[in-house]
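Trainee: Sharing a structure with you now.
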Amino acid sequence: MDTVISAVQEPAGTCASPEIRVASVPAGHVYVQHLEPTYAQEVVRRLPDPRPCGAPVGSQQWWPPVMLDPAWVRANRDAFDVFHVHFGFDAQTPQQLADLVAELRRWKKPLVYTVHDLENPHHREPEEHRRQLDVLVPAADHLITLTPGAADRIQTTWGRRATVLPHPHVVDLPRIEGARPTSDVYTVAVHAKSIRPNMAPLPVIEVIAQTVADLPQARLRVDIHPEIEDPASYWYEPTVLPRLRKLAESGALKLHVHDYFSDDQLWDYLQSVDLSVLPYRFGTHSGWLEACYDLGTAVCAPSCGYYAQQRPCMTYGHDRSGLDEESLDDAVRTAYRERPQWRASASGRATERDQVGQAHHGIYRSLRR
């Protein structure tokens, strides 16, 4: 998707001081880090994430975000000009978010909210996240989102206009230019991770296994984390791995059970496969899709959410009502036959990142009091 990014006009009389201090929730996430233009500048300074209670000294852990505590806002009100929420409020009650908003209002601190998720992929039901959005969306002084479809839904639901700015690159720019490995085998992949609540991987995998069996020189690779077998784990799903192991024993797929990939391992994995199928039954946007676009891995995304507006991809029918098996089979066959070459260039991503960074700077300047 090509997104036109226009500058945000600041009102007359806005303070012209070059540096704007932003309390970003969080600052350490790759999305937020890549909002900084590629060229050196000091006009936006994001405060570092405070270390959460219990986090190891020196770790990069930012969750749960300390900045969401009204007491932090009160104690640090002179250290920032704008408060920008992205992620990390999953555990906050609507009342706690309302208390945060009230504290920001008390000190006349503008709130920017980037609506990444209209449905939370970690919540099984949508009601709690909707109540959280019912606090944040009306209260924000400026809203940002990633796709026109999400912006339309925000307008319809809350009567608020959101600025549409594309997701910046996920993979580091030098790696984007790297050559992809070659193979005579076409690999379709499903990474089930730890089976978040928005995932329904087994029905998707079973359909793809049948499809791939009909395609010469094609295979299905399935990855999953071992914690789903641990009864003490939050992610415990005792029925999934036995079924996957039976499919693997029959030769229908190659099964890889392993802990979380490091970033480099994840990039290697994505470049080793030809088509990554996202087994989501609800959602909004995807950083995984962005990483695939950076690395030249085609994606087959579900019809829920706004993935097809985010980056080029195959689509199939999958939402809370169920899976359209025929559309999934057709999408995989089409990708196998056409071998789409959807890949970002480092120069294009750098230009996009600079534009997105400039747009954020304009928004912050327009709000600074």
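The values are calculated or read from the model by the stated rules, or taken from the named source; none is laboratory data. Being a predicted model, the structure only gives us computed values, none of them experimental. Neighbour counts are summed over all protein chains in view; Cβ atoms, including those assigned to glycine, are modelled from backbone coordinates with ideal geometry. When the accessible area is computed, the model is the full protein with side chains, heavy atoms only, and any ligands, DNA or RNA have been set aside. Shrake-Rupley method; radii C 1.70, N 1.55, O 1.52, S 1.80 Å.
Trainee: Looking at this structure, is THR284 β-branched (Val, Ile, Thr), outside any strand (DSSP E or B) and under 30 Å from ASP264 (Cβ atoms)?
Mentor: In short, yes.
Trainee: Limited to segment 192-246, what total is found for residues that are under 21 Å from TYR269 (Cα atoms), in a helix (DSSP H, G or I) and open to solvent by less than 20 Å² (accessible area, probe 1.4 Å)?
Mentor: Count: 9.
Trainee: Another one. Restricting to segment 247-281, name every residue that is part of a loop (DSSP other than H, G, I, E, B), without any contact (Cβ under 8 Å) to a residue 24 or more places away in the chain and not hydroxyl-bearing (Ser, Thr, Tyr).
Mentor: Matches in segment 247-281: GLY251, PHE261.
Trainee: Please state which one of GLY322, GLY296, GLY317, GLY305 is on the phi > 0 side of the Ramachandran plot and in contact with an Asp or Glu (Cβ under 8 Å, 6 or more places away or on another chain).
Mentor: Only one candidate qualifies: GLY305.
Trainee: Quick one: count up the residues across segment 342-351 that are open to solvent by less than 30 Å² (accessible area, probe 1.4 Å) and out of contact with any Ser or Thr (no Cβ under 6 Å at 6 or more places or on another chain).
Mentor: Qualifying residue count, segment 342-351: 3.
For every residue, the table says whether it meets (1) surrounded by fewer than 16 Cβ atoms within 10 Å (Cβ to Cβ); (2) at pLDDT below 70; (3) farther than 30 Å from ASP172 by Cα.
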| residue | (1), (2), (3) |
| --- | --- |
| ASP2 | yes, yes, no |
| SER17 | yes, yes, yes |
| GLN60 | yes, yes, no |
| PHE80 | no, no, no |
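Trainee: Which ones in segment 111-148 are under 23 Å from LEU289 (Cβ atoms), assigned to a helix (DSSP H, G or I) and open to solvent by less than 10 Å² (accessible area, probe 1.4 Å)?
Mentor: Scanning segment 111-148 gives HIS129, LEU133.
Trainee: Which of the numbered conditions does VAL171 fail, given that it passes all the others? Conditions: (1) under 27 Å from VAL82 (Cβ atoms); (2) crowded, with 16+ Cβ neighbours inside 10 Å.
Mentor: All conditions pass for VAL171, except number (1).
Trainee: So for segment 289-300 (the condition being among the polar types (S, T, N, Q), at pLDDT 95 or above, surrounded by fewer than 20 Cβ atoms within 10 Å (Cβ to Cβ) and closer than 30 Å to SER233 by Cβ), does at least one residue qualify?
Mentor: Within segment 289-300, not a single residue is among the polar types (S, T, N, Q), at pLDDT 95 or above, surrounded by fewer than 20 Cβ atoms within 10 Å (Cβ to Cβ) and closer than 30 Å to SER233 by Cβ.
Trainee: Hey, can you tell me all the residues within segment 247-263 that are of a type in the set (D, E, K, R), exposed (fewer than 11 other Cβ atoms within 10 Å of the Cβ) and within 27 Å of the chain's Cα centre (by Cα)?
Mentor: ASP259
Trainee: Considering (1) farther than 24 Å from ASP294 by Cβ; (2) without any contact (Cβ under 8 Å) to a residue 24 or more places away in the chain; (3) not aliphatic (A, V, I, L, M), say which one ASP172 fails and leave the rest.
Mentor: (1)
Trainee: Looking at (1) open to solvent by 30 Å² or more (accessible area, probe 1.4 Å); (2) part of a loop (DSSP other than H, G, I, E, B), find the lone condition where CYS304 falls short.
Mentor: Among (1) open to solvent by 30 Å² or more (accessible area, probe 1.4 Å); (2) part of a loop (DSSP other than H, G, I, E, B), the lone unmet condition for CYS304 is (1).
Trainee: For residues that are assigned to a helix (DSSP H, G or I) and in contact with a strand residue (DSSP E or B) (Cβ under 7 Å, 6 or more places away or on another chain), tally how many sit in segment 321-352.
Mentor: Here the count works out to 7.
Trainee: Which of the residues that make up segment 307-341 are under 24 Å from LEU266 (Cβ atoms), charged (D, E, K, R) and surrounded by fewer than 16 Cβ atoms within 10 Å (Cβ to Cβ)?
Mentor: Correct list: ARG339 only.
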